[in-house]
1. Ranked from the most accessible area to the least, with a 1.4 Å probe and all protein chains present, what is the order of Leu78, Leu208?
2. With a cut-off of 19 Å, note down the residues of segment 10-38 whose backbone N falls inside the zone around a label point 7 Å from the Cα of Ala185 toward its beta carbon.
3. If all Cα-Cα distances of segment 52-203 are sorted into 10 Å bins from 0 onward, what percent lands in each bin, rounded to whole numbers?
4. Kindly provide the helix-only [θ] at 222 nm of the chain, computed as the sum of -39,500 (n - 2.57) over DSSP H runs of four or more divided by all residues, to the nearest 500 deg cm²/dmol?
5. Along Cα→Cβ, 7 Å out, is where each label goes; now give me the distance between the ones at Asp14 and Arg131 in nm to one decimal.
6. To the nearest 10 Å², what's Leu102's accessible area with a 1.4 Å probe?
7. For Arg119, Arg130, what's the largest-to-smallest order of accessible area, 1.4 Å probe?
8. Rolling a 1.4 angstrom probe over the protein heavy atoms, how many square angstrom per residue are accessible across the chain?
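The values are calculated or read from the model by the stated rules, or taken from the named source; none is laboratory data. No experiment lies behind these values; they were computed from the predicted model shown. Cβ coordinates were reconstructed from backbone atoms using ideal geometry, including for glycine residues, and neighbour counts include every protein chain displayed. Only protein heavy atoms, including side chains, enter the accessible area calculation; ligands, DNA and RNA are left aside. Shrake-Rupley method; radii C 1.70, N 1.55, O 1.52, S 1.80 Å.
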Amino acid sequence: MTIALDKRAAGCADTILAMVASDGTAASPHARALMQPAATLRDIADAVHALCVIHGAFPGIVDRAGTACVDPAEGTWLERAAAAMSAERALLVRLTAAAGPLPSTPGQAASETAITGQRNALEMLARSDRRGCATGTAIAFVLDWAAVRGVLDACAKRMALPAGAPFAQVASETITLLRAIEAPAPVERAMAFGAQQMLAQHRGLWQLLEARAVARGEM
């Protein structure tokens, strides 16, 4: 994999960016609802706890993807992204502690199993030895995290806690890298696959959290 600009690279980038926009956190009604002032604290707490289970531990998706990196430019981005995500994990842990205990919800055991399964699926994608898969997973994750930060920032505001460091620059650098990657068609397909599967896990998480919020409303 090399870093350059060509039509095929732009096509791969456009595909992944379109998936992030249509299938990622920004498109989730529940995630958007959690960013609103009317969101209940127990729904916010539920989301923060789940995100912490999936993304609060080291090594994370970007750290795992970095172990398979072979391109210097990609490696530079991964190092910077890993440092940014380390700060995000610290923010996530602080918010989880401030949010208090997990809200009582019917079907808790099944939810825990599902969330653990999502975490394991993401770890497998980030460790994939299929060239391009881990990179696509990491890129889509960082881009989707920009929307996840909207939920975390809303949580911090509700709890009168300091917001995390700005994340826009990290997302911008990720888009720049994505548009500059030139790779053979099989690698591009692997990148798109990794991105698609990562977004599917996040989409499933928000759907699960929405179902849990509905179940709590019926208690």
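1. Largest accessible area first, the residues go Leu208, Leu78.
2. Residues 10-16 fall inside that zone.
3. Going out from 0 Å in 10 Å bins, segment 52-203 shows 11, 39, 34, 13, 3 percent.
4. -25000 deg cm²/dmol
5. For Asp14 paired with Arg131, the spin-label model returns 2.6 nm.
6. That residue has around 70 Å² of solvent-accessible surface.
7. Arg130, Arg119
8. For the chain, the solvent-accessible area averages 45 Å² per residue.
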